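Some notes on the structure that comes next.
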Amino acid sequence: MISSKIRLKKDDKVKVVTGKDKGKIGKVIKIDRDHGRVLVENINIIKRHSRPSAQNRQGGIIEREAFVHISNVMLMCSKCMEPVRVGAKVLEDGKKVRVCKRCSEILDA
């Protein structure tokens with residue numbers, strides 16, 4: 001169980017800051033909030049051996065993405081074009097949005 005807040009959302013652009021895929025940029029596919037992990041497109045590719053079955057007639061070695069811990073990725077700011085820390089801000093109309101800590105740009109569309 002993760003006690004810290006997860007400030008990422010699906011389809012966010014993130015950069016890997018540690019690990020074997022350090023420096024790569026990808027899009028968030030899925031978020032596992034219970035375990036604090038994210039699935040990022042074309043990051044942490046693993047190989048799984050599968051037997052032939054009804055769904056997979058061929059069998060063989062399948063490559064797919066595996067989850068990465070949330071602390072190993074940082075959100076990319078569209079204005080700064082760099083990985084940034086994320087803050088929260090309440091607008092005048094009462095809407096809560098995510099904010100770039102570097103340039104104060106609103107990250108939510």
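Would you confirm, using the coordinates I've provided, whether Ser50 is under 19 Å from the mean Cα position of the chain (by Cα), at negative phi and not basic (Lys, Arg)? Step through it out loud before you land on a result.
Working: under 19 Å from the mean Cα position of the chain (by Cα): no; at negative phi: yes; not basic (Lys, Arg): yes.
It is false that Ser50 is under 19 Å from the mean Cα position of the chain (by Cα), at negative phi and not basic (Lys, Arg).
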Restricting to the range 71-99, give me the number of residues that are closer than 20 Å to Gly23 by Cβ, without any contact (Cβ under 8 Å) to a residue 24 or more places away in the chain and part of a strand (DSSP E or B).
1
Failed item in (1) in contact with a strand residue (DSSP E or B) (Cβ under 7 Å, 6 or more places away or on another chain); (2) in a loop (DSSP other than H, G, I, E, B), with Glu63 passing the rest:
(2)
Lys47 vs. criteria closer than 16 Å to Asp12 by Cα and charged (D, E, K, R)
no
Which of the residues belonging to the range 1-48 are over 24 Å from Asp108 (Cβ atoms) and among the small types (Gly, Ala, Ser)?
Gly19, Gly23
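Since every read-out is calculated from the coordinates, none of them should be taken as a lab result. Since this is a predicted model, take the numbers as computed values, not measurements. Glycine also receives a Cβ, built like all others from the backbone with ideal geometry; neighbour counts cover every protein chain displayed.
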